[in-house]
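My structure is below; once you've seen it, I'll send some questions.
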Amino acid sequence: MKLQSYIIADNIISPLGFSTEENFGQLKQMKTGVQRLEKSDLSAEPVCAAVIDQQRLDDEFKKLNASKAYTRLEQLFILSINDTLKQNPAIEIRSKKTLLILSSTKGNIDLLDPEHKGKFDKKRLFLWETGNVITEHFDNPNKALIVSNACISGVLAIILGKRLLEENNYDTIIVSGGDIMTHFVVSGFQSFKAVSNEVCKPYDAARDGISLGEACGTVVLTNDRSKIKGTAITVKGGSSSNDANHISGPSRTGDGLLLAIEKTLKEANMDASQVAYISGHGTATLYNDEMEAQAITTAKLQDVPMNSLKSYFGHTLGAAGIVESIVGIQSMRSNTLIGTYNYSQPGVTMPVNIIKETTGSTVDNCLKTAAGFGGCNAAVLFAKEA
């Protein structure tokens, strides 16, 4: 019999707050963390982005009385993981049966900036070293696993955690994903002409590009049911695929994402008619949203309520899949569907059911989708235990 994977704690740190509760409270009021920055270190021109308040980050981290110096991203990881540990005393971070998985696309990318030269050892630029730093801070005896697969990294890390729990080599896995904004990151997306001058408009007829953001999110998975507090949320299925279409452009047909969705539903032993809610990728670029709508419709999910959270958090890269999964889990716990901020007129050719306003609704499960550069796609399904 396959072991179940349960979510027993979670945290979101973003411009909307430093806890899941604070973030979800802002989302229910449909408040966005994306702001137009007229002048910033991120861009030579005005840019819309969701940036975490540095003063609050400094203040929150000082409360930990850390004895070592940590980079900005490392501080976010440590704060986010620390919050989940406080939520459930059954999480034994120092146990050999507890593993850390980190997802990030850029890691400590800010260390490339001249202002940070010499502040940290050069090896801190490597993602594997970030893993070492975090496990050492928490005295975890295992080597952290790093997942860096473009913008599906967070969802893929959760799927990996689920699979490792099923092998029963660990009983608890902490999955944390984070990325930060720098001039390097923003200029890269600007070179694609993919950044909107406004708060992004997922799936909308007037969408013209993404808003970028920074965040860190953490979920704790276990196969030990005795560690559950409150409603039991399971990771029922998950799958990834690659359409091998283009280095940055997704398949126009959505076949890769469709395959990931179909395999996820099959593993979860569910059909399309049973899906209650879809947390879409919804980057607000012309091709991503159209591709996703194609995949959703072909999977016969076009009537399922669906949203994108990118107009609240911005696209948070390696954190996106985890942060957005946590919001989906909170939607299940509270039976609340979050409206898609800045969505007005349908802008995809397939009739997907985009949620416009936050509303109460029974949400027994959530399908989270993701897509990324290089043609990668992923889907994961969370459900309340029957």
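The values are calculated or read from the model by the stated rules, or taken from the named source; none is laboratory data. From a predicted model like this one, the values you see are computed outputs, not experimental measurements. Cβ sites come from the backbone with ideal geometry, for glycine too, and all protein chains shown count toward neighbours.
Against the conditions (1) within 23 Å of Ile296 (Cα to Cα); (2) surrounded by 17 or more Cβ atoms within 10 Å (Cβ to Cβ); (3) not charged (D, E, K, R), where does Ala244 fall short? Just the number, please.
(2)
While we're on this one: In this structure, does Thr98 turn out to be over 20 Å from Thr20 (Cα atoms), in contact with a strand residue (DSSP E or B) (Cβ under 8 Å, 6 or more places away or on another chain) and of a type in the set (Ser, Thr, Tyr)?
Here the answer is yes, as Thr98 does meet what is asked.
While we're on this one: Hey, any hits in region 240-252 for a residue that's among the small types (Gly, Ala, Ser), under 30 Å from Ile91 (Cβ atoms), out of contact with any Asp or Glu (no Cβ under 6 Å at 6 or more places or on another chain) and modelled with pLDDT of 95 or more?
As a first pass, look at region 240-252 and keep what is among the small types (Gly, Ala, Ser): 240-241, 244, 248-249, 251.
Still in the list and also under 30 Å from Ile91 (Cβ atoms): 240.
From what's left, out of contact with any Asp or Glu (no Cβ under 6 Å at 6 or more places or on another chain): 240.
Now drop any that are not modelled with pLDDT of 95 or more, which leaves 240.
Taking every residue of region 240-252 in turn, at least one turns out to be among the small types (Gly, Ala, Ser), under 30 Å from Ile91 (Cβ atoms), out of contact with any Asp or Glu (no Cβ under 6 Å at 6 or more places or on another chain) and modelled with pLDDT of 95 or more.
Residues are listed down the side, and each one gets a yes or a no for (1) closer than 23 Å to Gln35 by Cα; (2) at pLDDT below 95; (3) surrounded by fewer than 24 Cβ atoms within 10 Å (Cβ to Cβ):
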site	(1), (2), (3)
Tyr287	no, yes, yes
Val304	no, no, yes
Ser308	yes, no, no
His315	yes, no, no
Gly321	yes, no, no
Glu324	yes, no, no
Arg333	no, no, yes
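Moving on to the next point. Would you check if Arg56 is farther than 30 Å from Gly161 by Cα, in a strand (DSSP E or B) and assigned by TED's automatic domain parsing to the domain that holds Gly154?
Numbers: farther than 30 Å from Gly161 by Cα: yes; in a strand (DSSP E or B): no; assigned by TED's automatic domain parsing to the domain that holds Gly154: yes.
Considered against the rule, which asks whether it is farther than 30 Å from Gly161 by Cα, in a strand (DSSP E or B) and assigned by TED's automatic domain parsing to the domain that holds Gly154, Arg56 comes out as no.
A quick yes/no check of all residues on (1) in contact (Cβ under 8 Å) with a residue 60 or more places away in the chain; (2) in a loop (DSSP other than H, G, I, E, B); (3) within 30 Å of Ser308 (Cβ to Cβ):
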position: Ala9; (1), (2), (3): yes, no, yes
position: Glu21; (1), (2), (3): no, no, yes
position: Leu27; (1), (2), (3): yes, no, yes
position: Thr32; (1), (2), (3): yes, yes, yes
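Give the residue that is farthest from Ser361 (Cα to Cα), with candidates limited to residues of region 298-314 that are polar (S, T, N, Q) and touching a Ser or Thr at 6+ places or on another chain (Cβ under 9 Å).
Residues of region 298-314 that are polar (S, T, N, Q), as a first pass: 298, 302, 307-308, 311.
When the remaining residues are screened for being touching a Ser or Thr at 6+ places or on another chain (Cβ under 9 Å), the result is 298, 307-308, 311.
Details: Thr298: 25, Asn307: 14, Ser308: 17, Ser311: 22 Å.
The qualifying residue farthest from Ser361 (Cα to Cα) is Thr298.
Only one residue in Gly237, Gly256, Gly230 is over 19 Å from the mean Cα position of the chain (by Cα), at pLDDT 95 or above, small (Gly, Ala, Ser) and under 27 Å from Ser176 (Cβ atoms). Which one? Steps first, answer last, please.
Details: Gly237 fails: over 19 Å from the mean Cα position of the chain (by Cα); Gly230 fails: at pLDDT 95 or above.
Sole residue among the options that is over 19 Å from the mean Cα position of the chain (by Cα), at pLDDT 95 or above, small (Gly, Ala, Ser) and under 27 Å from Ser176 (Cβ atoms): Gly256.
For the subset of region 79-106 comprising residues that are within 25 Å of Ile52 (Cα to Cα) and free of Cβ contacts under 8 Å to residues at least 60 places away in the same chain, which member is surrounded by the most Cβ atoms within 10 Å (Cβ to Cβ)?
Step one: filter region 79-106 for residues within 25 Å of Ile52 (Cα to Cα), giving 79-87, 100-106.
From the residues that got through so far, the ones that are free of Cβ contacts under 8 Å to residues at least 60 places away in the same chain too are 82, 86.
Working: Asn82: 18, Lys86: 10.
In this case the residue turns out to be Asn82.
Taking region 197-228 on its own, how many of its residues are part of a strand (DSSP E or B) and buried (at least 24 other Cβ atoms within 10 Å of the Cβ)?
Filtering region 197-228 for residues part of a strand (DSSP E or B) gives 204, 210, 212-213, 215-222.
Keeping just the survivors that are buried (at least 24 other Cβ atoms within 10 Å of the Cβ) gives 210, 212-213, 215-222.
Matching residues across region 197-228 total 11.
Working carefully through the options Lys96, Lys39, Lys28, find the one that is charged (D, E, K, R) and closer than 20 Å to Tyr312 by Cα.
Values: Lys96 fails: closer than 20 Å to Tyr312 by Cα; Lys39 fails: closer than 20 Å to Tyr312 by Cα.
Step by step, each of Lys96, Lys39, Lys28 is checked, and only Lys28 is charged (D, E, K, R) and closer than 20 Å to Tyr312 by Cα.
Could I ask something else about it? State yes or no: is Lys384 of a type in the set (D, E, K, R), within 22 Å of Leu156 (Cα to Cα) and surrounded by fewer than 22 Cβ atoms within 10 Å (Cβ to Cβ)?
Details: of a type in the set (D, E, K, R): yes; within 22 Å of Leu156 (Cα to Cα): yes; surrounded by fewer than 22 Cβ atoms within 10 Å (Cβ to Cβ): yes.
When the stated conditions are applied, Lys384 passes them.
Kindly check whether there is at least one residue in region 115-124 that is aromatic (Phe, Trp, Tyr) and part of a helix (DSSP H, G or I). So that I can check it myself, show each step before the final result.
To start, the set of residues in region 115-124 that are aromatic (Phe, Trp, Tyr) comprises 120.
Then drop every residue that is not part of a helix (DSSP H, G or I), which leaves none.
Checked region 115-124: no residue is aromatic (Phe, Trp, Tyr) and part of a helix (DSSP H, G or I).
Quick check: is even one residue across region 197-212 touching an Asp or Glu at 6+ places or on another chain (Cβ under 7 Å), more than 27 Å from Ala299 (Cβ to Cβ) and outside the structural domain of Ala379 (by TED's automatic domain parsing)?
Just the residues of region 197-212 that are touching an Asp or Glu at 6+ places or on another chain (Cβ under 7 Å), to begin with: 202-203, 207.
From what's left, more than 27 Å from Ala299 (Cβ to Cβ): none.
Scanning region 197-212 turns up no residue that is touching an Asp or Glu at 6+ places or on another chain (Cβ under 7 Å), more than 27 Å from Ala299 (Cβ to Cβ) and outside the structural domain of Ala379 (by TED's automatic domain parsing).
Give the residues of region 179-196 that are in a loop (DSSP other than H, G, I, E, B), touching a residue at least 60 places away in the same chain (Cβ under 8 Å) and more than 16 Å from the chain's Cα centre (by Cα), sorted by residue number.
First pass over region 179-196, keeping only residues in a loop (DSSP other than H, G, I, E, B): 180-182, 192-194, 196.
Now drop any that are not touching a residue at least 60 places away in the same chain (Cβ under 8 Å), which leaves 180-182, 194, 196.
Thr182, Ala194, Ser196 - these are the residues of region 179-196 that are in a loop (DSSP other than H, G, I, E, B), touching a residue at least 60 places away in the same chain (Cβ under 8 Å) and more than 16 Å from the chain's Cα centre (by Cα).
Shifting gears a bit: Does Asn365 meet the test of being surrounded by fewer than 24 Cβ atoms within 10 Å (Cβ to Cβ) and either closer than 18 Å to Gly33 by Cα or touching a Leu at 6+ places or on another chain (Cβ under 9 Å) (or both)? Outline the logic, then answer.
Details: surrounded by fewer than 24 Cβ atoms within 10 Å (Cβ to Cβ): yes; either closer than 18 Å to Gly33 by Cα or touching a Leu at 6+ places or on another chain (Cβ under 9 Å) (or both): yes.
Yes.
Here's another thing I want to ask about it. Are any residues in region 148-175 assigned to a loop (DSSP other than H, G, I, E, B) and within 14 Å of Phe373 (Cβ to Cβ), and if so, which ones?
Pass one, region 148-175, residues assigned to a loop (DSSP other than H, G, I, E, B): 148, 150, 152, 167-171.
Scanning region 148-175 gives Ser148, Ala150, Ile152.
Here's another thing I want to ask about it. Please go through region 229-241 and pick out each residue that is buried (at least 17 other Cβ atoms within 10 Å of the Cβ) and within 10 Å of Tyr6 (Cβ to Cβ). Don't jump to the end; show me each part of the working.
We begin by selecting, within region 229-241, every residue buried (at least 17 other Cβ atoms within 10 Å of the Cβ); these are 233-241.
Result: Ile233, Thr234, Val235.
Please verify whether Leu42 is at negative phi, surrounded by 15 or more Cβ atoms within 10 Å (Cβ to Cβ), more than 18 Å from the chain's Cα centre (by Cα) and touching a residue at least 40 places away in the same chain (Cβ under 8 Å), treating the condition exactly as stated. Full working, then the answer.
Details: at negative phi: yes; surrounded by 15 or more Cβ atoms within 10 Å (Cβ to Cβ): yes; more than 18 Å from the chain's Cα centre (by Cα): yes; touching a residue at least 40 places away in the same chain (Cβ under 8 Å): yes.
Judged against the criteria, Leu42 is a match.
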